[in-house]
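First comes the structure, then the notes that go with it.
The values are calculated or read from the model by the stated rules, or taken from the named source; none is laboratory data. Keep in mind the model is a prediction, meaning the values are calculated, not measured. Using ideal geometry, Cβ is built from the backbone for each residue, glycine included, and neighbour counts are taken over all protein chains shown. For the accessible areas, the whole protein counts, side chains as well, though only heavy atoms, and no ligand, DNA or RNA atoms are used. Shrake-Rupley method; radii C 1.70, N 1.55, O 1.52, S 1.80 Å.
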Amino acid sequence: MSDNIEKKWQSKWKDAKLFESNPDDREKLFLTVAFPYPSGAMHIGHGRTYTVPDVYARFKRMEGFNVLFPMAWHVTGAPVIGIADRIKRKDPWTLDLYERVHGVPKETLPKLEDPEYIVKYFSTEYHEVMEEMGYSIDWRREFRTIDPTYKKFIEWQITTLYEKGLVAKGEHPVKYCPNCDNPVGDHDLLEGEGVGVNELTLLKFKIDDKILVTATLRPETIVGATNIWLNPDVEYVLVDAEGENWVVTKEAHYNLSNQIKDLNIIGEINPNDLIGKMATNPFTGDELPIFPASFVSASYGSGVVFSEPADAPADYIALQDLKNNSEMISKYNLNGIIENVQPIPVCTVKGYGEIPAADIIERLGITDQNDEKLHEATNELYKIQHSKGKIIDSIPGFGGMKVRFAREDLKNELIDKNMATIMYDFAERPVVCRCGNNCVVKIMDDQWFMKYGNEDWTQKTLEVLEGETIIPHEIKNNFEYYLNWLDDWACSRKVGLGTRLPWDNQWLIEPLTDSTIYMSYYSIAKYLRDMDPEDLNKAFFDKVLLNKDSGDITVPEDKVKEIQDEFNYWYPLDWRLSAKDLVGNHLSFLMFHHSAIYPKDKWPKGTVVFGMGLLEGNKMSSSKGNVILLKDAIKDYSADVVRLFLMASAEPWQDFDWREKEVLGTKRRLEWFREFAAKVEDVKGSSLNLNNIEKVELTRTIDLWMLNQLNQHIKNATEALEVFQTRQALQDSLFLLKKDVDHYLYRVKHLLDLNDEGVVYVLSTVLESWIRLLAPFTPHTCEELWAKYGGEGFVSQTSWPEYDASFVDNKIEKSEELVQNIIKDITQIKKMVKDEVSKIHIYLAPDWKWELYKIADEVGKPDIGQIMGRAIGANIYDDKKEIANVAKKIGREITKTRYIGKINEEEILLDAIDYIKDEIGCEIIVHTDDSYDPQNKARNAMPYKPAIFME
RNA sequence: GCAAGGGUGCCCGAGCGGCCAAAGGGGGAGGACUUAAGAUCCUCUGGUAUAGGCCUUCGAGGGUUCGAAUCCCUUCCCUUGCACCA
């Protein structure tokens, strides 16, 4: 049934063009959510992402804003190329994934061999599912990022940045698969996920006409170099490097050739021929001997290292090993050399002696250079020296400097003097591509970069952040960190779908770069979709978006004006919504690009960051098949139930957990709501017209209480929704309100068959507000009820319920609390006494106790002396001893019960006396004095807590 | 390692100085309704107590305060991100 009403209302909305937003004189609100990359089917995780903005859009529309909520498809990038490729290869895993998890019909599968078909197929499906979810999207602005008109916009964007000098050529090390001939991301790896790339300094030690290029993470230790290590068991080669003859391992040459151009092998080198000879330290000029060492890896760095035994545990232990190895010493004729090699201290760090390497080796009990703990020792010492170490005073030029700074300075000096160069290597091995090949670090040298490292740009972008509201607030720190941390970003690609760089046609624009200011495009997309791309030149966009005259525009002037006006109406963006994992890139890029391209008054105003989705407690993942498709969920539960569950189970920035049991609970809750509406009509006894509720004067406390609760919930829900707290809003507008309505119905159950006009008025009022409160969450159900019970027009277009302060009274709330507490207390006592009870006497607190309570409240803390003093001063009662007794009690009570002024307890209890009698099941007598008080209980009476006597 | 966030009752989760034995949901127990099941509604769900009370609890340990789940310090544990990828 729900399916039918949902479809019905969706088409009614469409026919009425309800969500097609055009500029008018209302205040505008423009919100967007990160557009999807449609390489697969939409699951419930996506459902949450797109329901949040829809709920907010609907809420704001009801508040009277002119809301624009658009949608488009991000189809640029490489993943679909890979998917298409795997489909073509008939990769069974991929075929299964797309058939079983993404629900693609078997006969359609072969068509997915075309990447453009994939994005077309899934974006069409996304569109359909989004309509089934009832999203209030202005579909006239829909586009794909490979549309010719959009490409013109991207060309304009990148050219604008290029002209500002923010796009520049550069080089950058990347993880690279030589077999696939492509950079690889972590997700493309079979092995080595998360492995970092280290920068190594290659120091050039001369030996005759050759150069031993030693790789090090710690160039500052060059001053403590004592010898060179070569591994006698690996292959070394002689390499021509722009005229220099380098000695490195064969494997190192392979790695290096991806980073340095024209590195040709010109001969083989037998390490044994070099061991025992002397090489020159380029920095100090010292002559250092070359020794053999097994710990030197053929594949890491250059395969040549200089030894600095004072700070490098491996060097220290290798030196020890060698000194103890007479066989080696005689084999390489090291007698007379090796004895003189002693560690030269370079760094000091707290907690370590003159030779830190020796200390840590001893502490960890490392016995030789093949010990596994050597790695740990190296890491530990490296870290502490980097963060806290200082260069020892005796070293000229660097003495006393922090290691961190000395390293940087010395490295630059060495490079300037051609004593060193830079190379990159993986921090760990192996790093294996999905294709099975080992990856290398490659320097892409004709790559284009977005200069996010540019300090002025970063500063300006920090201003964008400063001016934004970030939800949740804590994420703002995160953003600040990322904006500062972001370095130049390679923005050109060889493979994928996308737009080409206008000035360098061999490159495609990287897909994150082409989706940073596309919200601007939404504002004008409905015009551009029918225009000739040829007309969308730079001058056109300059005029429309920046009001800048920069050349000939082929579009008629009034048309340009209309488009420009529309852009200016919607921009800036009020809210940007996106997932948590995009904080460090997409959302930051968005700020960068806005700061560079637009003036301050067009900068985004707010960002909301989403959490992830879990399925029965486990992480959702399409590739693992652990997802529920949104279309299936809609089929099983209806869009409204799915929406309601997604919005109620967690705040947007928290992780939600889709649990079937709780979804079913939500479904029942919504059914209850529909039944409640019917019940109201039932109680009324005639047809209900919410458009014309008959007002009556209310006298029963419980009626007033219900309206008090309703208004309280309206207030809370509104405040919560303003800041995207959908869960909190529903907590108030659905769950807590339902609880109160249940309570109210229970309290007036004896009146339900009597067509009592007070009850009818209260229930109709509740229902009328309630339908509107829930309309953003469950729009279909609410439209249906609204129409059924006489609401005017679409509920989607009515006003948001207004909080009416005149109904809110904390004394009313306290009154009901008093009634409930009395029942609770009596029940509890009855349970304990176990005797038959025939009559219950209730004694109310006399006026002086109320005054005493008031005094205690003014004092604010359980300071009996002060309370007594004031009470006696005010002469509230003549029995001082009794005042003291009560004051002591109040002192305790005041921390537990808030004082809100005197309430007329007698009136309240008498108003509810039938209900209380009913609940307790015996006679109740309310006393205002102690004329009948056989057990002297009346003196226990306290404000808000009458005394009870049972007999 | 760096950065951010978090540890609450059987489970999920709210609370962020006193109305807190701690909202709400889920689960469990009992009751009402029903021919029955389901749904719905009511009550209970830390311990203890023959007068509405008392005791213990919010990762652990200290501290501030008349008063702390809430503030401060120390400590342990968890989750996420760390780039050329949407």
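Contact order, relative form, for the range A:583-666: 33 percent (alpha carbon pairs under 8 Å, 6 or more residues apart, mean separation divided by residue count). Please tell me which of these pairs span more than 27 angstrom C-alpha to C-alpha: A:561/A:602; A:494/A:543; A:561/A:605? Pairs exceeding the cut-off: A:494/A:543.
Listed peptides A:684-696, A:22-34 appear in the order A:22-34, A:684-696 once ranked by packing, highest mean of other Cβ atoms within 10 Å at the front. In terms of overall dimensions, the range A:95-205 has a Cα radius of gyration and Dmax of 21.3, 71 angstrom. Value of Rg to Rh for the range A:146-225, rounded to two decimals, is 1.19; Kirkwood radius and Rg both from alpha-carbon coordinates.
If you sort the three axes of the alpha carbon gyration tensor as a ≥ b ≥ c, you get a/c of 1.5 or more for the range A:1-61 and a/b no higher than b/c, which makes it oblate. Kirkwood hydrodynamic radius computed over the range A:47-131 comes to 14.9 Å, based on all pairs of distinct alpha carbons. Per-residue packing, averaged as other Cβ atoms within 10 Å, sorts the ranges A:634-640, A:867-873 into the order A:634-640, A:867-873, beginning with the highest. Going by the alpha-carbon gyration tensor, a ≥ b ≥ c the square roots of its eigenvalues, is the range A:462-560 rounded (a/c under 1.5) or, if a/c is not under 1.5, prolate (a/b greater than b/c) versus oblate? It is oblate, given that a/c is not under 1.5 and a/b is not larger than b/c. Helix A:44-62: angle to the longest alpha-carbon principal axis of chain A, degrees 0 to 90, nearest 10? For helix A:44-62, the angle is close to 50 degrees.
An ellipsoid equivalent to chain A, defined through the eigenvalues of its Cα gyration tensor, has semi-axes of 70, 42, 25 Å when rounded to whole angstrom and sorted largest first.
Rounded to two decimals, the Cα radius of gyration of the range A:262-390 over 2.2 N^0.38 Å is 1.13. Assuming a ≥ b ≥ c are the square roots of the Cα gyration tensor eigenvalues, decide whether the range A:608-702 counts as rounded (a/c under 1.5), prolate (otherwise, with a/b larger than b/c) or oblate. It comes out prolate by the Cα gyration axes. Histogrammed with a bin width of 10 Å, the alpha carbon distances of the range A:227-335 distribute as 15, 43, 34, 8, 0 percent, first bin at zero. Quick note on the range A:290-343: its Rg to Rh ratio, both from C-alpha atoms and Rh being the Kirkwood radius, is 0.96. Counting only heavy atoms of the protein chains and using a 1.4 Å probe, residue A:668 has close to 150 Å² of accessible surface. Computed over the range A:706-830, the alpha-carbon pair-distance distribution with 10 angstrom bins reads 12, 37, 35, 13, 3, 0, each value a whole percent.
From helices alone, chain A scores -13500 deg cm²/dmol at 222 nm; the rule is -39500 (n - 2.57) for each run of n ≥ 4 DSSP H residues, then divide by the residue total. When the GluC sites (Glu not before Pro) in the range A:100-187 are filtered for DSSP coil states and for at most 16 other beta-carbon atoms within 10 Å of their beta-carbon, the remaining sites are A:107. Normalising by residue count, the range A:337-378 has a Cα convex hull of 94 Å³ per residue. Do any trypsin sites (Lys or Arg not before Pro) in the range A:327-392 lie in a loop, going by DSSP, with at most 14 other beta-carbon atoms within 10 Å of their beta carbon, and if so which? Passing both the DSSP loop test and the Cβ count: A:350.
The C-alpha atoms of chain A define a longest principal axis, and helix A:639-649 lies at about 80 degrees to it.
Per residue, the solvent-accessible area of chain A (1.4 Å probe, heavy atoms of protein chains only, all protein chains present) comes to 44 Å².
For the range A:816-936, the relative contact order comes to 41 percent (Cα pairs under 8 Å, sequence separation of at least 6).
Each 10 Å bin, from zero up to the one with the longest distance, holds this percent of the alpha carbon pairs of the range A:793-891: 12, 26, 25, 21, 9, 7, 2.
Using a probe radius of 1.4 angstrom, the carbon and sulfur fraction of the accessible surface of the range A:422-533 is 43%.
At the residue level, residue A:387 shows approximately 60 square angstrom of accessible surface with a 1.4 angstrom probe and all protein chains present.
Counting only alpha carbon atoms, the long axis of helix A:880-893 and the longest principal axis of chain A meet at about 40°.
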